[in-house]
Amino acid sequence: MRWSDGTPFTSEDFRFYWEDIATNETLSPFGPAKDLLSQKEKPVFEVIDEYTVKYSWNTPNPYFYRRWLVPDRCLSTCLLIT
């Protein structure tokens, strides 16, 4: 997958979002989005490789999967293109 400018979409984009936006108290004073929390606790975020990231919680998070479900038809009209 690539951004609309042709730049590859990698785990670095997830890392940037998590470390520089979602958990930045100045940019996100209320913390990460609720679907990234489980019982109000943040996940452990890990970059596995260039295209793999891992979010881990101590308790189940039933809301997380909905964040990443994007219909195929949306991909061609959103910022990301395949």
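No value in this document is a laboratory result; all are computed from the given coordinates. A quick note: this is a predicted structure, and the numbers were derived from the prediction, not measured. Cβ: placed from backbone, ideal geometry, glycine included. Neighbour counts: every protein chain shown.
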Net charge of Cβ neighbours under 14 Å - reference E46; Lys, Arg +1; Asp, Glu -1: -1
In the neighbourhood of E19 defined by beta carbon distances under 13 Å, the net charge of the other residues (Lys, Arg +1; Asp, Glu -1) is -3
Neighbour counts of other C-beta atoms within 10 Å: give me Y65, Y55 arranged from fewest to most. Y65, Y55
